[in-house]
Amino acid sequence: MHMKPTSNPISRRLCITVLAGLPVYSAAEAPEQPVHLFTSFRGNGEDGLRFLYSLDGYRWTNVPGTFLKPAAGPSKLMRDPSLLRGPDGTFHLVWTTGWRADQGFGYASSKDLIGWSEQRFIPVMQHEPTTVNVWAPELFHDASTGEFIILWASTIPGRFPDHLEARDNNHRMYFTKTRDFKTFSQAKLYLDPGFSAIDCFIVKDGGRHVLLIKDNSRPNLNLRVAFGDNPLGPWRDISGPFTGKFTEGPAALKVGQDWLIYFDMYRANRYGAVRTRDFKSFTDITAEVSFPDGHKHGTVCTIERRELDRLLK
């Protein structure tokens, strides 16, 4: 339970105090103010779904507890959780269930982020029996078609030139589509940029789409962007890197006129961010953002304050 808003607003700006891990809000803050929610996991993904929240996109706080214990797939992990709210208000969640041998991803849905449907394993790559892995599925809703698009990275040994990559670690991006999360189109190649790629994330920016990509090739291991008119591509004008080496798991959030792109700095054991308005010039704001220790690869969505209040209780 969190404290009631104070009756003595000190300014029209938001004032937050943290007491016993929970916030105290000023009276200037309307109860209906939207909240940004970040999915998260800890360790190897064995303990399940966690959440962070923020009111400004810069300062993130843990929501105490876990909200879904992993039960899907051969390895029964929950890594890289991607959360998206559908047009009917239902939350859809997909995640990585294991490092190797799991040729699909986990799926569950919820109306309130607390009660969840039965977990299901979606075996999207079983038609390619040599597939090594299915990593970091990401959700996107295409409003123009009413379809959900799910992207992920897989290695099929020998399918693409290995160059400097290990034969069992040379990834390309694949996708499936669904309207109801009951039937799925057969998985197809989504992106072959000419290098090992993982962790793609689609952003709708005005009339165009932007794709955030991790270049997972050995010399680079950093993030790039590409542009397209359609969420299925084709993708053009792949940029040079806009982050340093050993960065992955990008997720983007629109705050005012700015896009904030968050990413996992996995060798530094912390989260970083850049700010951009055009996806061409980027300002490193890692020093301006704060995340709880241990937060790993997730995605961001916006919920209502009453929904956050339920999670905090």
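Contact map, segment 284-313: residues that are closer than 13 Å to Arg270 by Cβ paired with residues that are buried (at least 17 other Cβ atoms within 10 Å of the Cβ) and of a type in the set (Ser, Thr, Tyr), Cβ distance under 6 Å, separation 6+ or inter-chain. Pairs shown: Phe291/Tyr271; His295/Ser40; His295/Tyr271. Only one of the numbered conditions (1) in contact with a strand residue (DSSP E or B) (Cβ under 6 Å, 6 or more places away or on another chain); (2) farther than 14 Å from Leu232 by Cα is violated by Ile156, and that is (1). Every residue in segment 255-287 that is in a helix (DSSP H, G or I) and either loosely packed, with under 13 Cβ neighbours inside 10 Å or touching a helix residue (DSSP H, G or I) at 6+ places or on another chain (Cβ under 7 Å) (or both), please. The answer is Ala287, and nothing else.
Considering only segment 131-139, I want to know if a residue exists there that is out of contact with any Phe, Trp or Tyr (no Cβ under 8 Å at 6 or more places or on another chain), surrounded by fewer than 17 Cβ atoms within 10 Å (Cβ to Cβ) and either among the aliphatic types (A, V, I, L, M) or in the same structural domain as Asp278 (by TED's automatic domain parsing) (or both). Among the residues of segment 131-139, not one is out of contact with any Phe, Trp or Tyr (no Cβ under 8 Å at 6 or more places or on another chain), surrounded by fewer than 17 Cβ atoms within 10 Å (Cβ to Cβ) and either among the aliphatic types (A, V, I, L, M) or in the same structural domain as Asp278 (by TED's automatic domain parsing) (or both), which makes the answer no.
Among the residues here, Ser110 does not qualify as in contact with a strand residue (DSSP E or B) (Cβ under 9 Å, 6 or more places away or on another chain), among the hydroxyl-bearing types (Ser, Thr, Tyr) and in contact (Cβ under 8 Å) with a residue 60 or more places away in the chain.
Filtering segment 55-94 down to residues that are on the phi > 0 side of the Ramachandran plot and over 17 Å from the mean Cα position of the chain (by Cα), which residue is surrounded by the most Cβ atoms within 10 Å (Cβ to Cβ)? Only one residue fits best here, namely Gly73. Leu308 satisfies every condition listed in (1) farther than 21 Å from Arg59 by Cβ; (2) outside any strand (DSSP E or B); (3) at pLDDT 95 or above except (1). Here segment 180-206 is the region considered, the condition is being of a type outside the set (Lys, Arg) and without any contact (Cβ under 8 Å) to a residue 12 or more places away in the chain, and the residue that is nearest to His141 (Cα to Cα) is Asp180. If only residues of segment 222-233 that are without any contact (Cβ under 8 Å) to a residue 60 or more places away in the chain and buried (at least 20 other Cβ atoms within 10 Å of the Cβ) are counted, the one that is farthest from Lys296 (Cα to Cα) is Ala226. Does Gly256 meet the test of being in the same structural domain as Ala226 (by TED's automatic domain parsing), of a type in the set (Gly, Ala, Ser), under 14 Å from the mean Cα position of the chain (by Cα) and at positive phi? Spelling it out, it is not the case that Gly256 is in the same structural domain as Ala226 (by TED's automatic domain parsing), of a type in the set (Gly, Ala, Ser), under 14 Å from the mean Cα position of the chain (by Cα) and at positive phi. In the condition set (1) within 19 Å of the chain's Cα centre (by Cα); (2) at pLDDT below 95, Arg218 is compliant with all but (1).
The values are calculated or read from the model by the stated rules, or taken from the named source; none is laboratory data. Computed from a predicted structure; not experimentally measured. Note that we place each Cβ from the backbone using ideal geometry, even for glycine, and neighbour counts take in every protein chain shown.
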